[in-house]
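Okay, so here's the structure we're looking at.
Please treat every number below as a calculation from the coordinates, not as lab data. Since the structure is predicted, the reported quantities are computational estimates derived from the model, not experimental observations. Don't worry about glycine lacking a Cβ; one is built from the backbone with ideal geometry, like all the others, and counts go over all protein chains shown.
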Amino acid sequence: MNILSRFLKVDPLTVNVETSDDIPKEEIDHYLHELKAKQAWWAHEASLDQRMDLLKQVHQNILIVMNQWVDVDTKARNTEKTHWDYSISIMTPGFAAASARGWLRVLQDIKDYGRPALCGKIRQEKDHVTLEMIPQNFKDKIIAMGVKGAIHLKPNTRVEKLSDYQFVYEDPTFPGGVSLVLASGNYAHLTFFDIFHKLIMEKNVVLVKISPVKKYMFEILNVVFKPFIDIGVLRVIQGDRAVCHYAAHHPLVDNLHMTGSHKTLEALMYGDGEEGIKNKKNDHRLLNIPMTGELGCVTPIIIVPGEWSDRQFHYQAKNIISMLGFNSGFSCCAPRVLIMPKGWDGSVKLMQLIRHYMKEMPIASNYYPGTNETIQLLESKYPTLEKIGPHDEKHQPWMLVANIDLEQDLEQYKYLFENEIWAAFMCQASLPCNSVDSYLMAAVEFANAKLWGTLSATIIIDKKTQKKLEKTGSLTQAIQKLHYGIVTVNLFSGHVNSAGLLPWGGYPASSYTDIQSGNVYVNNLMMLKNVEKSVVWAPFYLRPDSPSFITNKKLLALAAAWSRYNATNRLRDFFKLIATAL
């Protein structure tokens, strides 16, 4: 029995996690013909009440399977139930349930007002509109502890035209389509986000292919989404690369969406090897259907120098290793490049503390296929690679490449800046700091120009320095200029994703031949067309430590209480969460 049990009192559904990888092509054909037959009905005939009723059933099913889901996810990730990373397994079903609740609110808003209305204050910020999304209510204000999040629309948007920037949901002429969703292999709840995006927001019927890394999700999805499966608008399959290729190229599939590696998307579109490189260069597509993806990133953390206390140095060291450590570093938004000011004494101190906490908090596992090969590659390329913590069949170490001088070493470490290292890896690089303002803008320019990906970026800045840079306009300018779909201040960008309230995806400037972090925003609950980025602010320092830090001794209990509240939104679960925190 897991730690969620004391927060969850429902009868379990039967979930069989022993499944086969093979699915005959005839079965894929059958499923796609069934889906095609339901396409038009689902696109413009199914009522809002029908859609809401189905979502309510899915939400209830998530609550029922939460305990089993946590257990099988923990087993799949090779994580001990006493380890801090067990918190990820605990929280994952809560993320999925909260997303279902969010889309229920959206549909209710459309029924009541004609459009989603979840945002708070709407502001005109010079040439663009911002919409406040976090916090949503008084409970959020208490739990968020000062975190604020907003959607920034593209330049040349106006408040008075907001309705023009939202999709028209009830369009009787909309033909719909058959979507193939290729599910992620790292976080199971992302599959729910993708399904809701295609099934609810875009009103497509959906064929989901699960990742072999998350094999157990075949049965979880079939149990949870049974209401949608029963009416013929959703099917779930599993299989190897050949299954993926067959489904993607099937004539009945109208569009494809995936969460994963850009290499997978490019291989489907252009092919493999030398032929694939040539096809990509000439934009000769082997797959001529619309393709969207939420892909990876070489995520930067920009450290802004200031006058930090000893406690603040410890706090930010724990903040940074928490960002990297969750899910053993297998996160598309995990920090990969830590940018620091050259000559600031705090750079040395912060790195010493990061190493200290890495030694105290060993990584949970190396469950993801290819991890050991990744470690071997890094060792061969970079003899200065630091491995901290155990490295054996059950564990991967923390990994650091430090003291990179970006004025002298840029070419030598180019590989680290242009490739997402899929492990608990991060490098540390330095830029000159003649002034704080010039350093910050140089760091932004480096991140935009030299780092691969456009998904997420974080700025860490103390309150006093923040006020100074707000007066000069440098901080506002830096946030505006960062070409990333998610920009956070003092906060792990992964929390933006898990909240499920803000659009999540790569900066909207990609093309198929340069896909970067993708070309779509999921979790777009306001159904906006003109999103540029999501921006979230958090306090620089909290006492006691943030409840989400991996060093927090209450982390597992807090994760269980939070997951239950996130899933139900009930007042009694809110008070249980507060009581657990206290």
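Please list, in chain and number order, the residues 5+ apart from residue 205 or on another chain whose amide H is under 5 Å from its amide H, with Hs placed from the backbone.
177, 179
Taking DSSP loops as anything outside H, G, I, E and B, show the longest stretch in the chain free of GluC sites (Glu not before Pro) there with at most 16 other beta carbons within 10 Å.
Longest site-free region, per DSSP loop and neighbour criteria: 412-582.
Could you tell me how many cubic angstrom of Cα convex hull volume the range 299-490 has per residue?
On the way: hull volume 20.0 nm³, N = 192.
Spelled out: Cα convex hull of the range 299-490, divided by residues, is 104 Å³.
First check a/c for the range 185-320, with a ≥ b ≥ c the square roots of the eigenvalues of its C-alpha gyration tensor; if it is under 1.5, answer rounded, and if not, answer prolate when a/b is larger than b/c or oblate otherwise. Walk me through the numbers before you get to the answer.
On the way: a/c = 2.60, a/b = 1.44, b/c = 1.80.
Here the range 185-320 falls in the oblate category.
5 Å is the cut-off here: which amide hydrogens, built 1.01 Å from N in the peptide plane, fall below it relative to residue 365, excluding neighbours closer than 5 in sequence?
HN-HN under 5 Å from residue 365: 396.
Provide the per-residue ³J(HN,Hα) series for the range 339-352, in order, calculated from phi with Karplus coefficients 6.51, -1.76, 1.60 and θ = phi - 60°, each as a whole number of Hz, with x at glycine and proline positions.
8, 10, x, 5, x, 7, 4, x, 4, 5, 5, 5, 5, 4
Among the lysines in the range 303-436, how many pairs, 8 or more places apart or on different chains, have alpha carbons under 22 Å apart?
Total qualifying Lys-Lys pairs in the range 303-436 comes to 11.
Can you give the charge dipole size of the range 299-490 about its Cα centre, rounded to the nearest 20 debye, using +1 on the beta carbon of Lys and Arg and -1 on the beta carbon of Asp and Glu?
Using Cβ point charges on Lys, Arg, Asp and Glu, the range 299-490 gives about 580 debye.
Mind checking the angle between helix 310-325 and the chain's longest principal axis? C-alpha axes, 0 to 90 degrees, to the nearest 10.
Around 40 degrees separate the two axes.
Using a ≥ b ≥ c from the Cα gyration tensor of the chain (square roots of the eigenvalues), is it rounded, prolate or oblate, where a/c under 1.5 gives rounded and otherwise the larger of a/b and b/c decides, a/b for prolate?
rounded
Pull out the extension gain between residue 282 and residue 112, defined as 0.36 nm times the separation in residues minus the alpha carbon to alpha carbon distance; nm, one decimal. Let's see the in-between values first.
Numbers: separation 170, 0.36 × 170 = 61.20 nm, distance 4.85 nm.
Between residue 282 and residue 112, full extension yields 56.3 nm more.
From the backbone phi of the range 399-416, what are the Karplus-calculated ³J(HN,Hα) couplings (6.51 cos²θ - 1.76 cosθ + 1.60, θ = phi - 60°) in whole Hz, Gly and Pro given as x?
Karplus-based 3J(HN,Hα) across the range 399-416 equals 9, 9, 10, 10, 6, 7, 8, 6, 7, 10, 10, 4, 5, 4, 10, 4, 4, 5 Hz.
Give, as a single signed number, the net charge of other residues whose beta carbon lies under 15 Å from the beta carbon of residue 333, with Lys and Arg counted +1 and Asp and Glu -1.
Working: positive: 336, 533; negative: 294, 420.
Cβ neighbours under 15 Å give a net charge of 0.
Please list, in chain and number order, the residues 5+ apart from residue 259 or on another chain whose amide H is under 5 Å from its amide H, with Hs placed from the backbone.
So residue 259 has HN proximity to 182, 184, 294.
Any idea what the relative contact order of the chain is, in percent, if you count C-alpha pairs under 8 Å spaced at least 6 apart?
Details: 1139 pairs, mean separation 111.4, N = 582.
Answer for the chain is 19 percent.
Which aspartates and glutamates does residue 161 reach when only Cα atoms under 15 Å apart count, and residues fewer than 8 places away in its own chain are ignored?
Residue 161 reaches 125, 127.
Residue by residue through the range 492-508, what is 3J(HN,Hα) from phi via Karplus (6.51 cos²θ - 1.76 cosθ + 1.60, θ = phi - 60°)? Round to whole Hz and write x for glycine and proline.
5, 5, x, 5, 5, 5, 5, 5, x, 10, 10, x, 10, x, x, 4, x
Within the set 481/576; 263/554; 141/553; 25/154; 148/529, which residue pairs have Cα atoms separated by over 32 Å?
Checking Cα-Cα distances, 481/576; 263/554; 25/154 exceed 32 Å.
All other residues with a Cβ under 10 Å from the Cβ of residue 147 taken together, and with Lys, Arg as +1 and Asp, Glu as -1, what is their net charge? Don't skip to the end; give the middle numbers.
Numbers: positive: 141, 148; negative: 140.
Result for the neighbourhood of residue 147: +1.
Evaluate the relative contact order of the range 269-414 (contact order divided by residue number), counting alpha-carbon pairs under 8 angstrom at least 6 apart; express in whole percent.
With pairs under 8 Å counted, the relative contact order is 18 percent.
If we count every other residue with Cβ under 15 angstrom of residue 365's Cβ, Lys/Arg +1 and Asp/Glu -1, where does the sum land?
Values: positive: 75, 77, 81, 214, 394; negative: 73, 80, 85, 392, 393.
Cβ neighbours under 15 Å give a net charge of 0.
Before rounding to the nearest 500, sum -39500 (n - 2.57) across all DSSP H runs of length at least 4 in the chain and divide by the residue total; then give [θ] at 222 nm in deg cm²/dmol. Mind showing how you got there, number by number?
Working: 20 runs with 243 residues, N = 582.
Calculated from helices alone, the mean residue ellipticity at 222 nm is -13000 deg cm²/dmol.
Kindly identify the range 133-200 as rounded, prolate or oblate by the Cα gyration tensor criterion: order the square roots of the eigenvalues as a ≥ b ≥ c, call it rounded if a/c is under 1.5, otherwise compare a/b with b/c, prolate if a/b is larger, else oblate.
Values: a/c = 2.29, a/b = 1.15, b/c = 1.99.
Oblate, because a/c is 1.5 or more while a/b does not exceed b/c.
Based on other C-beta atoms within 10 Å, arrange 112, 194, 140, 254 from fewest to most.
Going from sparsest to densest Cβ surroundings: 112, 140, 254, 194.
Could you give the angle, 0 to 90 degrees to the nearest 10, between helix 555-568's Cα long axis and the longest principal axis of the Cα atoms of the chain?
40 degrees
How high is the relative contact order of the range 98-245, given as a whole-number percent (alpha carbon pairs under 8 Å, six or more residues apart)?
Once divided by the residue count of the range 98-245, the mean separation gives 16 percent.
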